[in-house]
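To start, the structure under review is shown below, and the notes come after it.
The values are calculated or read from the model by the stated rules, or taken from the named source; none is laboratory data. None of the values given here were measured: they were computed from a predicted structure. All Cβ positions, glycine included, derive from the backbone under ideal geometry; neighbour counts span all protein chains shown. Accessible surface is based on the protein model in full, side chains and every heavy atom, while ligands, DNA and RNA are left aside. Shrake-Rupley method; radii C 1.70, N 1.55, O 1.52, S 1.80 Å.
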Amino acid sequence: MTVTISVINMKGGVGKTTIMALLCQSLARSYKVLAIDLDPQANLSQALMGEQGYKWFLDDQSPSVVELFKGYQPPHTAASPTSLNADGMARRIPHSRKGELSVIPSRFDFSDNLIAASKTDEQALARYIANSLNDIDIIFIDCAPTESVLTRAAYHASRYVLVPVRPEYFATIGFPLLNESLQDFRRNNRGHKIDVLGVVINNAFYDGGNDGGPEKGRAMADIRQEASEHGWKIFDNEIPFSRGFPKIMRGDLTWPGNAEKFDNFSQELRKSLLAEGHLT
């Protein structure tokens, strides 16, 4: 059964896109993984597809999340609007290993298209997943750090939420906003079960044994307190700072350094999903 996870924090600059890209690549060694980019900045799309791959995608006007929300592909190579299909929407990422990794990319005109629409269908993404993506093991949805129709569309499509955070000043400023957003969604969608899978600590320590110093300690105390108040689990495995992450995202697996430690978190998340019966 497909499991869908939205990756979100109402505070920006937490390394969400890097975590998503690495998580997709790591789990795609064993599973069929799909990333859906709901962020109009399209950073995840560019990270997974590469600069040249994303440029080709824009040049050939392939379908994206813009068309997913419209519900059709406007005339381009065809002489009339055409229907969407899973194979045409998802772009395969060639350097994923034993499993399979693909992405439904975003475009820079995403926000403009939504603003121009009289009413955006919040359930369009959920219906597309339900009708077209039953052969996927794990779907990750990249969300912008704001409350919007796209956030609610991600909730409608998701069973879980993953919350990245950096242990720094104002680390938890987005936690109450996210909790309120989820509670509001639950009140208005009582038949929909959505839980926070956990909080992942990003850039927790540096090479050379520096564990972040006193400021990290203060920030971690705030994170633990806020997470406890909301009933959110904090993953045991923290993600280190590493210069190897950009190399891995480019598909370069030579000399990754301590970037290999990312797999510790990836496997912990996998075990959480296994324990819930979502993966085999």
Share of accessible surface on carbon and sulfur in the chain, whole %, 1.4 Å probe and ligands ignored, is 49
The relative contact order of the chain, taking Cα pairs under 8 Å that sit 6 or more residues apart, comes to a percentage of 25
With Cα coordinates, the longest principal axis of the chain makes an angle with the long axis of helix 175-188, in degrees rounded to 10, of 50
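Sort 38-46, 55-63 by packing, meaning the average of other beta carbons within 10 Å per residue, with the highest value first.
The densest-packed peptide leads the list: 38-46, 55-63.
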Computed over the chain, protein heavy atoms only, probe 1.4 angstrom, the accessible area per residue in square angstrom equals 47
Burial-style ranking of 184-192, 163-171, 120-128, average other-beta-carbon count within 10 Å with highest first, yields 163-171, 120-128, 184-192
Asserting the computed 222 nm helical MRE of the chain (DSSP H runs at least 4 long, -39500 (n - 2.57) per run, divided by residue count, to nearest 500) equals -12500 deg cm²/dmol
So the angle from the long Cα axis of helix 262-275 to the longest Cα principal axis of the chain, reported in degrees to the nearest 10, equals 70
For the chain, the longest principal axis of the Cα atoms and the Cα long axis of helix 213-230 enclose an angle in degrees, to the nearest 10, of 60
Relative contact order of segment 113-191 (C-alpha contacts under 8 Å, at least 6 apart) in percent is 32
In nm, the gap between the two label points placed 7 Å beyond Cα toward Cβ at residue 228 and residue 147 is 2.7
Quick calc: nm separation of the 7 Å Cα→Cβ label points for residue 280 and residue 131 -> 2.8
Everything considered on the Cα gyration tensor (a ≥ b ≥ c; rounded for a/c under 1.5, else prolate if a/b is larger than b/c, else oblate), segment 1-85 must be described as prolate
Per residue convex hull volume, Cα only, the chain, in Å³ is 127
Computed ³J(HN,Hα) along segment 122-139: with the Karplus parameters 6.51/-1.76/1.60, θ = phi - 60°, integer Hz and x for glycine or proline, the list is 5, 9, 4, 5, 4, 5, 4, 4, 5, 8, 10, 10, 6, 8, 8, 7, 9, 10
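For the chain, give the magnitude of the charge dipole about the Cα centre (Cβ charges: +1 Lys/Arg, -1 Asp/Glu; no others), in debye to the nearest 20.
On the way: 30 positive and 33 negative charges, 82 e Å.
I would put it at about 400 debye.
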